[in-house]
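Read the structure below first, then the notes.
The values are calculated or read from the model by the stated rules, or taken from the named source; none is laboratory data. Nothing here was measured: the structure is a model prediction, and the numbers come from that model. For neighbour counting, all protein chains shown are included, and Cβ atoms are generated from backbone atoms with ideal geometry for every residue, glycine included.
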Amino acid sequence: MEFQVGVIKGDGIGPEIVTEAQKVLDAIGKKYSHKFVYEDILMGGCSIDATGVPLTDHAIEQALSKQAVLMGSIGGNTATSPWYKLEPSLRPEAGLLKLRKALNLFANLRPAYLYEELKEACPLRDDIIGDGFDMMIMRELTGGLYFGERKTEEVDGVMTAVDTLSYNENEIRRIAKRGFDIAMKRRKKVTSVDKANVLDSSRLWRKIVEEVAKDYPEVTYEHMLVDNCAMQLVKDPKQFDVILTENMFGDILSDEASMVTGSIGMLSSASLNDTKFGLYEPSGGSAPDIAGKGIANPIATILSAAMMLRYSFDLDKEADAIENAVKSVLKENYRTIDIMPQEEDKRALVTQVGTKEMGDLIAARV
Ligand code: NAD
């Protein structure tokens, strides 16, 4: 089959890591007789340099015409880059916010998976880690506190700030369905996280999740209060499969979950709308400190490409092939600099490779 993929290489390490992900996709194409047709889309600092704005209408049209977009990362050194002397709406990140809005990307997925070989990078105790963990944080991305009405004003002589947390049942239903759909492709368990003992929006969230759950009899589900969830993530992360939650809780919990896996260079992510379309990108930024040195870890971007195959193209066995190839390369003790062991004696047991070599190794094992 043929698939149309928009490619935002972006800034900093973006072009280096996306090139490796395309290399791995092409290896998949060769093995399974698919064709990935790429079109470059300008966004971020490189778009500012070329067009004066971080995202043009033409770039949005390009993205809308594709089945999925694979992205590197955007932005530069926020202290020294001239892009950050521009007004906020013209800076690189404004392009990404505009694109997310234009594509109606309401569901954000961040897997937190602990590789056996990288256990050392996990700050949790061995008895807590056990055989490792594998969870998916599913965060609502376009509603809640971050998008509600806000104001700061003087009330009776006292400065007062108000933010509004609002969700309607449709917004909750569409993200809940996505969460249960994803659970069906995994271990079939959903933990819906809220603060229903206090918030009305959480009580509606809980009610709608229960309604949606009825359509997924194979999936077991539970409700958990957000404060308890924050605790359980470090006490017993193995218990989770899909964590389904609203925007602000998801923002905080997804960072907590990614921290317990150790390295930013390994963490993929996806943002989906209510079609099969998705934007796939590593969780990290453009790493200007290492850009151009050929040492960035491309694995997060390669795993994001695997998510694209699974969630936008329904190519599950091809996605498995990429994930297994990553596991093989780690098992064979190849590491980029960011995932090298800390201790001298353990460093002697592994082979340090650069961005391109890591891409070559994974593509070869596909
Ligand atoms: P960062 O994630 O770029 O870097 C933090 C640290 O992690 C750095 O030491 C970097 O070298 C390292 N790192 C990140 N990705 C790596 C990889 N693949 N391999 C090896 N090491 C890696 O965060 P930052 O320095 O705070 O931000 C740099 C720029 O990226 C800023 O302009 C920021 O706004 C932007 N940013 C963009 C996105 C995005 O495109 N979605 C996300 C976060 C930050």
(request) Note down all Cβ pairs under 7 Å where the first residue falls in region 53-68 and is in contact (Cβ under 8 Å) with a residue 40 or more places away in the chain, the second is surrounded by fewer than 18 Cβ atoms within 10 Å (Cβ to Cβ) and of a type in the set (A, V, I, L, M, F, W, C), and they're at least six residues apart or on different chains. (result) VAL53/LEU90; PRO54/LEU90; ILE60/ALA102
(message) Looking at ILE60, ILE48, can you tell me which residue is more than 24 Å from LEU303 (Cβ to Cβ), more than 15 Å from the ligand (Cβ to nearest atom) and surrounded by 12 or more Cβ atoms within 10 Å (Cβ to Cβ)?
(response) ILE60
(message) Criterion first (more than 16 Å from the ligand (Cβ to nearest atom) and either touching a helix residue (DSSP H, G or I) at 6+ places or on another chain (Cβ under 8 Å) or assigned to a helix (DSSP H, G or I) (or both)) does LEU124 satisfy it?
(response) yes
(message) If I ask for residues that are touching a strand residue (DSSP E or B) at 6+ places or on another chain (Cβ under 7 Å) and either over 21 Å from PRO282 (Cβ atoms) or surrounded by fewer than 21 Cβ atoms within 10 Å (Cβ to Cβ) (or both), which ones from region 307-334 would you list?
(response) PHE313, ASN333, TYR334
(message) Please go through region 63-75 and give me each residue that is within 13 Å of the ligand (Cβ to nearest atom) and either over 23 Å from GLU318 (Cβ atoms) or not assigned by TED's automatic domain parsing to the domain that holds SER304 (or both), ordered by number.
(response) SER73, ILE74, GLY75
(message) Quick check on this structure: which one of GLY250, GLY262, GLY278 is at positive phi, crowded, with 19+ Cβ neighbours inside 10 Å and not hydroxyl-bearing (Ser, Thr, Tyr)?
(response) GLY262
(request) Tell me, yes or no, whether region 33-54 has at least one residue that is of a type in the set (Phe, Trp, Tyr) and over 23 Å from the mean Cα position of the chain (by Cα). (result) no
(request) Find all pairs meeting these conditions: Cβ atoms under 7 angstrom apart; at least six residues apart or on different chains; first residue within region 70-86 and in contact (Cβ under 8 Å) with a residue 60 or more places away in the chain; second residue in a strand (DSSP E or B) and near the ligand (Cβ under 8 Å from one of its atoms). (result) MET71/GLY10; MET71/GLU281; GLY72/GLY10; SER73/GLY10; SER73/GLU281; SER73/PRO282; ILE74/GLY10
(request) May I ask you to list the residues in region 315-359 that are assigned to a loop (DSSP other than H, G, I, E, B) and not hydrophobic (A, V, I, L, M, F, W, C)? (result) GLU332, ASN333, THR336, PRO341, GLN342, GLU343, GLY354
(message) Just the residues that are in contact with a Lys or Arg (Cβ under 8 Å, 6 or more places away or on another chain) and closer than 22 Å to SER283 by Cβ, please, taken from region 42-67.
(response) CYS46, PRO54, LEU55
(request) Kindly check whether there is at least one residue in region 304-312 that is touching a Gly at 6+ places or on another chain (Cβ under 6 Å), closer than 20 Å to GLN4 by Cα, within 16 Å of the ligand (Cβ to nearest atom) and not in a helix (DSSP H, G or I). (result) no
(message) Can you report the number of residues in region 78-108 which are loosely packed, with under 14 Cβ neighbours inside 10 Å, in a loop (DSSP other than H, G, I, E, B) and within 13 Å of the ligand (Cβ to nearest atom)?
(response) 3
(message) I'm checking my understanding of the structure. Among residues of region 139-175 that are at pLDDT 95 or above and under 18 Å from the mean Cα position of the chain (by Cα), which one is surrounded by the most Cβ atoms within 10 Å (Cβ to Cβ)?
(response) ILE175
(message) in a helix (DSSP H, G or I), near the ligand (Cβ under 6 Å from one of its atoms), buried (at least 19 other Cβ atoms within 10 Å of the Cβ) and in contact (Cβ under 8 Å) with a residue 24 or more places away in the chain: is that true of GLY284 in this structure?
(response) no
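Could you please find all residues in region 12-32 being of a type in the set (D, E, K, R) and under 18 Å from the mean Cα position of the chain (by Cα)?
Step one: of region 12-32, the residues of a type in the set (D, E, K, R) are 16, 20, 23, 26, 30-31.
Of everything in region 12-32, just one residue is of a type in the set (D, E, K, R) and under 18 Å from the mean Cα position of the chain (by Cα), namely GLU20.
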(request) Tell me, please, whether a residue that is assigned to a loop (DSSP other than H, G, I, E, B) and within 16 Å of the ligand (Cβ to nearest atom) can be found in region 31-42. (result) yes
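Is it the case, given these coordinates, that VAL260 is modelled with pLDDT of 95 or more, under 22 Å from GLU116 (Cα atoms) and more than 16 Å from the ligand (Cβ to nearest atom)?
Details: modelled with pLDDT of 95 or more: no; under 22 Å from GLU116 (Cα atoms): yes; more than 16 Å from the ligand (Cβ to nearest atom): yes.
Against the criterion (modelled with pLDDT of 95 or more, under 22 Å from GLU116 (Cα atoms) and more than 16 Å from the ligand (Cβ to nearest atom)), VAL260 does not qualify.
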